[in-house]
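Values in this text are rule-based calculations from the coordinates and carry no lab data. Everything numeric here is computed off the predicted structure, so don't read it as measured data. Please note: Cβ atoms are built from the backbone with ideal geometry, for glycine as well, and neighbour counts cover all protein chains shown.
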Amino acid sequence: LAADGTFKHLGLVGCGLIGSSILRAVREGALVERTSVFDRDGNVCAYVQAEGLADAAATDPGVLAGADLVLLCVPVGAMGPAAASIAEELQPGAVVSDVGSVKASVIEDVSPHLPGGVAFIPAHPIAGTEHSGPAAGFAGLFQGRWVILCPPGATAMDEAAAARVEALWHAMGAQCARMSAAHHDQILGITSHLPHLIAYTIVGTATDLGDDLKAEIFRYSAGGFRDFTRLAASDPIMWRDVFLNNREAVLELLQRFSEDLSALQKAIRRGEADTLERYFEKTRTVRRGVIDAQQER
Ligand code: NAP
């Protein structure tokens, strides 16, 4: 542990879009002394070494030995197995954190594998793109974005570890907030998970319309469809895991969404102009809130 509480040796499990963006931001700001990557994909390790993204990269978790911070940057469904595979490398006093898009299931899956004396600080950077893999990452990904931390414990060790993790995210340009894992999963259900599900559905419905219509769907997509295609191009494994691991919150929101959709369907069928106009006036104001929160780009 450095005197100022910063981490010396950052270890990463999984080096895709998020992991490689962290490495680039850390390298740019010279935020730690050493970085190591464990990824099960040998091609990813070769890329990391060729690009000089980390000091060491290997398909063996032993490469993480001596790390005082290990960030789990694998899909949510792989967090438990990833934690199990690195448990032996964790020294007392080390901190483990993650970047998973769901928090309650990750806490449940990871915690049992961590040895005593190791603090776990679950976190989620609300930043990303529809691309995946290490070549898609960039140093500025977290600039101006929020990172939500959900520390499950409240001991002095947990508090000190959470403060150190927050300091690292701040140094990468992010702002931090803390909340319970259940609250995180509910909020992200509406801001991220449901919108992705709707996008996957709209794009799926459109592409099932038939080959003869496809060329026209692409050509005239600027009418709105193209904005959904960006979300629906997101990584299939990552999103499969998000829906399987935030099942209850997503199903609850989907129920409410279906009821609202049915109400609009009824208004259209009955020609209720006022109902439609009032609804769209109300939703229009939401855009202003997003712009005011500086999260529109
Ligand atoms: P990604 O680009 O798909 O990269 C994940 C990497 O982890 C891949 O190289 C993968 O190898 C490797 N991996 C998978 N299981 C492993 C294991 N058990 N041990 C070692 N390596 C393993 O993923 P990403 O987009 O960076 O997402 C990573 C995490 O960040 C996810 O939990 C996601 O929910 C979260 N997140 C993503 C975004 C976003 O917009 N993408 C935003 C915020 C948070 P294989 O290719 O062999 O599977």
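How much length would be gained if the chain were fully extended between Arg287 and Ile187, taking 0.36 nm per residue of separation minus their Cα-Cα distance, in nm to one decimal?
34.3 nm
In segment 14-118, how does Rg compare with the Kirkwood Rh, expressed as the Rg/Rh ratio over alpha carbon atoms? The partial results should precede the final answer.
Details: Rg = 13.0 Å, Rh = 13.9 Å.
Using Cα coordinates only, the ratio equals 0.94.
Against the chain, whose longest principal axis is taken from its Cα atoms, helix 247-270 shows a tilt of about 20°. Working note: Cα gyration tensor of segment 193-297, eigenvalues times five, square-rooted, sorted largest first, giving semi-axes of 24, 21, 17 Å.
Between Gln265, Gln91, Gln143, the Gaussian network model of the chain with springs among Cα atoms under 10 angstrom shows the greatest mean-square fluctuation at Gln265. P(r) for segment 26-183, from all Cα pairs and a bin width of 10 Å, is 10, 40, 42, 8, 0 %, short bins first.
Using the Cα centre of segment 105-207 as the reference point, and only Cβ charges (+1 on K/R, -1 on D/E), how large is the resulting charge dipole? Debye, rounded to the nearest 20. Each step should come with its number before you reach the end.
On the way: 3 positive and 7 negative charges, 47 e Å.
Dipole size: approximately 220 debye.
Reducing segment 159-196 and segment 43-68 to their Cα centroids gives an inter-centroid distance of 26 Å.
Restricted to Cα atoms, segment 242-289 shows a radius of gyration and a Dmax of 14.1, 40 angstrom.
Taking 30 Å as R0, compute the FRET efficiency from the Cβ-Cβ separation of Lys214 and Ile268 and round it to 0.05.
On the way: r = 26 Å, r/R0 = 0.87.
E(calc), rounded to 0.05, equals 0.70.
Between helix 194-207 and the chain there is an angle of about 60 degrees, using the helix long axis and the longest principal axis of the Cα atoms.
Relative to the Cα centre, the charge distribution of the chain, modelled as +1 at Lys and Arg Cβ and -1 at Asp and Glu Cβ, gives a dipole magnitude of about 800 debye.
In the chain, a dipole from Cβ-located charges (positive for Lys and Arg, negative for Asp and Glu) runs towards its positive end, and of Gly223, Ile187, Thr155 it is Gly223 whose Cα lies farthest in that direction.
For Lys282, the lysines whose Cα comes closer than 20 Å to its Cα, not counting residues fewer than 8 places off in the same chain, are Lys266.
About the Cα centre, and with charges only on the beta carbon of Lys, Arg (+1) and Asp, Glu (-1), how big is the dipole of segment 200-297? Nearest 20 debye, please.
Details: 16 positive and 17 negative charges, 46 e Å.
It works out to roughly 220 debye.
Based on Cα contacts under 8 Å between residues 6+ apart, the chain shows a relative contact order of 16 percent.
Could you work out how much longer the chain between Arg34 and Phe280 gets when fully extended? Use 0.36 nm per residue separation minus the Cα distance between them, nm to one decimal.
On the way: separation 246, 0.36 × 246 = 88.56 nm, distance 5.20 nm.
Length gained, Arg34 through Phe280: 83.4 nm.
From the alpha carbon centroid of segment 112-128 to that of segment 82-109 is 5 Å. Largest GNM mean-square fluctuation among Ala162, Ala67, Ala233, using the chain with Cα springs under 10 Å: Ala233.
If you take the beta carbon distance between Ala233 and Asp260 as r and set R0 to 45 Å, what does 1/(1 + (r/R0)^6) give as a FRET efficiency, to the nearest 0.05? Working from the Cβ atoms, E equals 0.95. Full extension of the segment from Ala56 to Ala163, taken as 0.36 nm per residue of separation minus the current Cα-Cα distance, would add 35.9 nm.
Taking Ile121, Ile190, Ile107 in turn, the Gaussian network model of the chain (Cα-Cα springs below 10 Å) assigns the largest fluctuation to Ile190. Quarter the surface of the alpha carbon convex hull of the chain and you get the mean projected area, 17.5 square nanometres.
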